[in-house]
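In what follows, a structure is listed as structure tokens, so that the remarks can point back to it.
The values are calculated or read from the model by the stated rules, or taken from the named source; none is laboratory data. Small disclaimer: the values here were computed from a predicted structure and weren't measured. As a convention, Cβ positions derive from the backbone with ideal geometry for all residues, glycine included, and neighbour counts pool all protein chains shown.
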Amino acid sequence: MGCSCCGDTCDAGPVLAKKGPDASEVGRRARHESRVQTIRFALSFALFAAGYAVPTGSALRLALFVTSWLVSGYRVALHALRNIAKGGVFDENFLMTVATVGAFAIGEWPEGAAVMLFYNLGELVQESAVAKSRRSISDLVDVRPDTARLADSGEIVHPSVVALGSIIRVVPGERVPLDGTIVSGTTAFDTASLTGESLPRPAGPGDRALAGFINGSAPVDIRTETGFADTAAAKMLALIEDAQHRKARAERFITAFARIYTPIVTIAAAAMAVLVPLGILAASGSIADGSLFTSGGPVFSEWVGRALVFLVISCPCAFVISVPLGYFGGIGGAAKRGVLVKGADFLDVLARTKAVVFDKTGTLTTGRFKVTGIQASEGGAKESVARLAAVAEAHTTHPLALAIREAFSEWAGHESAAADYAERPGFGVSCRLEGAEILAGSPAWLREKGVRDVPEMPAEARGQTSVEIARGGKWAGRVTLEDAPKPDSAEAIRRLRGLGIERLAMVTGDGEAAARRTADALGIEEIHAEVLPHRKVEVFEAIRDSVIARYPKGTVVFSGDGINDAAVLARSDAGIAMGVLGSDAAIESADVVIADDNPSRIADAVLVARKTRAIVAQNIVLSFVVKIGFLALGAAGIATLWEAVFADVGVALLATLNAVRARSAGVR
């Protein structure tokens, strides 16, 4: 959100320059503006110091203080005049202008110049803090290189003109320009810019390479699979840019509060300057005996001074800038750890997490299945089952299908003899081959389709995943596969429990034995197995209802990665999609995206959210307590303009510096 305290110079929202020819110009202008603002403050401070060296009462002293005021505050005054012309009288620019001009009017020259001088210092510090928080996010703009090297010709071109399926070469030290798969060469990638992972990631033929990865050791050839606008880095940037439009409840409260608070304190200051002294003079009889103009001067001067102090103290800069800056810092700090939060409101949701519900495949497990066995029906042949499975799974990208095609690659091309392919995500696929309907999917789906003779898994295969195969309405056999837990999953469960999140559940379409095998390995006690995609929402909502019954303000989040998780991701309090390589539907439906697929990042997200929310709460309490206390002192005539400067600029600086801590929230 923009900060009206600082006019156009301070924006706590992420203004990200698109990668292109204008990026350097945007950065140059920002650096130039920062230098100009610093020079302006230095000149204003020099004039202010010179004014103190000049004898009291001289015209030169007044001129130096007025010039110092003009140098540091002319933009504030201009903004106040522009806003008045637009009908927006009551804002912080107006308060500061009236207070400092009024100080000059009653002879408080040093105080009037000092208020604007230190107000300018506050702008400098706030802008620096915003720039640092923004940099932790906007640095992501630089992960996409402007060039790509074609492997066949060696020609250097812009990535946007590289056709899909082209082979590009990336040499050591270069960034990968487009997402793709390595076709030759072995190397290690530095993936920190996208995933936050500090350790190099080994990669060879068949492994994915994302735009922004830095090639560390040897040349590799990569077959491109996305356009320049559709890379994983581009998705991350889009998610972060959209985050600025979603405000947390605290931000919305502060914005609404400032609109009411500012005119109230302005009217109160006007009443203090006019009505209170009139009341005092009326009580003393000065109005009745006609001596108002002879005896009222000192009274009006005293109360006008109190009103000016009241105005300076009342500026809501501290919470207007520090609250959004705190959330923005939290979003930036999370992004540095590979956690992309789509808006400040989701930080609030994560901070109140009382339960986490996980999908299994691709979320807690690697999603890289390996075929472990084939079982054929009585009188059938394993070779026939393998052929049917390979043909049926030829056109789907489900992890089970990929493993089956890899294991039964000798049947590649046989799918051309099949027709009427159809997929029901999360259930299975069907086609027609040699006049018979072929089904490949879960046991429950085959039974739903009328296949009644699906046998139980043999004892030696229990705990593994199966793809059941049917031909012409009869069970033909099954392919068994196994998917190991991610190395990070057990750590994720341990850390979430350490954060006080006791209810951790797994919801999966896999069979009971396979689900229990994974859950036992990770330490998850609550499992819901053989849950079809349309029932995932029902199971999740039942879990959430029971949690909310115990913790009315608590939230329940869901983490998944597939297209069949999109509905429950959208219905959860905060949906967490695993990986920028997850399905587009899952990423679109989610509120948080984990860049590197590591489940322990969920604990990072909760920790960042809690610390960010605590910092924002500290700033709100600090600002209100100090403001209210000094407003009372100002009205009582105890606080001077010097104390008013601290109550306004000083508290704003303290709150800003505290908000900056959100950038490092969650560091372990």
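If the condition is being under 21 Å from the mean Cα position of the chain (by Cα), surrounded by fewer than 20 Cβ atoms within 10 Å (Cβ to Cβ) and in contact (Cβ under 8 Å) with a residue 60 or more places away in the chain, then the stretch 527-579 contributes only Gly554.
Scanning the stretch 450-478 for residues that are in contact (Cβ under 8 Å) with a residue 24 or more places away in the chain and of a type in the set (Lys, Arg) gives Arg462, Arg471, Lys474, Arg478. Step by step: first the residues of the stretch 353-365, then only those that are among the charged types (D, E, K, R) and either without any contact (Cβ under 8 Å) to a residue 60 or more places away in the chain or surrounded by 24 or more Cβ atoms within 10 Å (Cβ to Cβ) (or both), then the one that is nearest to Asp207 (Cα to Cα). Which residue is that? Ranking the qualifying residues of the stretch 353-365, first place goes to Lys360.
With the structure loaded, tell me whether Ala85 is loosely packed, with under 14 Cβ neighbours inside 10 Å and more than 25 Å from Ile264 (Cα to Cα) or whether it fails that test. In short, no. Taking the stretch 444-465 as the range and being modelled with pLDDT under 90 and within 45 Å of the chain's Cα centre (by Cα) as the test, the residues that pass are Ala444, Met457, Ala461, Arg462, Gly463, Gln464, Thr465.
Pick from the stretch 466-487 the residues that are at pLDDT 90 or above and not in a strand (DSSP E or B): which of them is nearest to Phe358 (Cα to Cα)? Checking each candidate, the answer is Gly473.
So which of Val76, Val66 is more than 40 Å from the chain's Cα centre (by Cα), under 21 Å from Ala644 (Cβ atoms) and in the same structural domain as Arg35 (by TED's automatic domain parsing)? Val66 is the lone residue from the list that is more than 40 Å from the chain's Cα centre (by Cα), under 21 Å from Ala644 (Cβ atoms) and in the same structural domain as Arg35 (by TED's automatic domain parsing). Condition first: small (Gly, Ala, Ser) and under 30 Å from Ala355 (Cβ atoms). Can you find one or more residues in the stretch 394-416 that meet it? No, the stretch 394-416 contains no residue that is small (Gly, Ala, Ser) and under 30 Å from Ala355 (Cβ atoms).
Of the strands (runs of 3 or more DSSP E) lying entirely inside the stretch 514-578, those carrying at least 2 residues that are out of contact with any His (no Cβ under 7 Å at 6 or more places or on another chain) and farther than 17 Å from Pro485 by Cα are 555-560, 574-578. Consider the stretch 366-424 and keep the residues that are among the acidic types (Asp, Glu) and farther than 17 Å from Leu439 by Cα. The one that is surrounded by the fewest Cβ atoms within 10 Å (Cβ to Cβ) is Glu378.
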